[in-house]
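Okay, so here's the structure we're looking at.
Each reported figure results from applying straightforward, stated rules to the coordinates on display, with no laboratory input. All of these numbers come straight from a predicted model, not from anything done at the bench. Because the Cβ atoms are built from the backbone with ideal geometry, glycine has one as well, and the counts that use them run over all protein chains shown.
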Amino acid sequence: MSVILQIETATTSCSVALAIDGTVAAFKQVNERNIHAEVITLFIDELLNTAGLTYNDLDAIAVSCGPGSYTGLRIGVSTAKGLCFALDKPLIAIETLEAMAYGILSDKAIAINSNTLLCPMIDARRMEVYCALFNHEGVMVRPTAADIIDDHSFSEFLNNHKILFFGDGADKCETVLGSNNNAQFLPAFVNSAVHLTQRAVEKFNNKEFEDVAYFEPYYLKDFIAGKKAL
């Protein structure tokens, strides 16, 4: 039996899930800016108490590792690494965009066929997004990149495929790409630790673990601090 604690803090969503043998037993999340550090450890305590488990009952900790919010990623990865060090448990890292794609693939209400591509998008700034493309089986067909979206974005794929755009970066792209009949936008998608479940248990079974001492979030771009307005 595998008991995996899953942490997602790459966007405005702060989410924690507890998966037992690849099935989510409990989860807790809130979609609000600048609240991650305040609630993440409380959420973890609540999940373990609800499940009647202790920290020592965990077999591994999985974390959404980016790209995404610099601060959010630091909080999530630091929490995961701290638990791994303290409990001597393995660390599993899952790219945020990949987890988002698996979240859509697991939603039976969304029609997906072999000609459908998935494009998870995370808001960067202005018209820039972090994004990638996945096929109907969750295989990456276009690597993760920081893209500035314009009228020609994804044109080579939109000519022959329906693309589902989703995530907090997709909303601002709809006005630019929405006129294409092959572009479909999925509203109200929220990143969740639940989306890590399938890849987390696969990596656990294959012993695909990170070096806790040296692991860092996947920022994709260097952090640039802004100046506070006077």
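Can you name the helices of the chain, as whole DSSP H runs, whose Cα span along the helix axis is 20 Å or more and whose Kyte-Doolittle mean is not below -0.5?
36-51, 70-87
How many times 2.2 N^0.38 Å is the alpha carbon radius of gyration of the chain?
Normalised Rg, Cα atoms only: 1.02.
Restricting the calculation to Cα positions, tell me the Rg (one decimal) and the Dmax (whole number) of segment 111-185 in Å.
Gyration radius and largest Cα-Cα distance of segment 111-185: 11.2, 33 Å.
When only DSSP loop residues count, what GluC sites (Glu not before Pro) in segment 130-230 have their Cβ near at most 14 other Cβ atoms within 10 Å?
Here the GluC sites (Glu not before Pro) that fit, given the DSSP loop and packing criteria, are GLU137, GLU208.
Positive end of the charge dipole of the chain (Lys, Arg +1 and Asp, Glu -1 on Cβ, about the Cα centre): tell me which of LEU117, LEU87, ALA145 has its Cα farthest that way.
ALA145
Would you mind counting up the charge near LEU5? Only other residues with Cβ under 15 Å from its Cβ, with Lys and Arg at +1 and Asp and Glu at -1.
Summing Lys/Arg as +1 and Asp/Glu as -1 gives -3.
For n ≥ 4 DSSP H runs only, could you compute -39500 (n - 2.57) per run for the chain, divide by its residues and tell me the 222 nm figure to the nearest 500?
That calculation yields -8000 deg cm²/dmol at 222 nm.
Using a Gaussian network model on the chain with a 10 Å cutoff between Cα atoms, which of LEU133, LEU220, LEU73 fluctuates the most?
Result: LEU220 has the largest fluctuation of those listed.
Please go through the residue pairs LYS89/LYS203; LYS28/LYS172; LYS162/LYS203; LYS89/LYS207; LYS108/LYS172 and name each one whose alpha carbons sit more than 20 Å apart in this structure.
LYS28/LYS172; LYS162/LYS203; LYS108/LYS172
Give me the net charge for the shell around TYR130: Cβ to Cβ below 11 angstrom, other residues only, Lys and Arg +1, Asp and Glu -1.
Residues close to TYR130 contribute a combined charge of -3.
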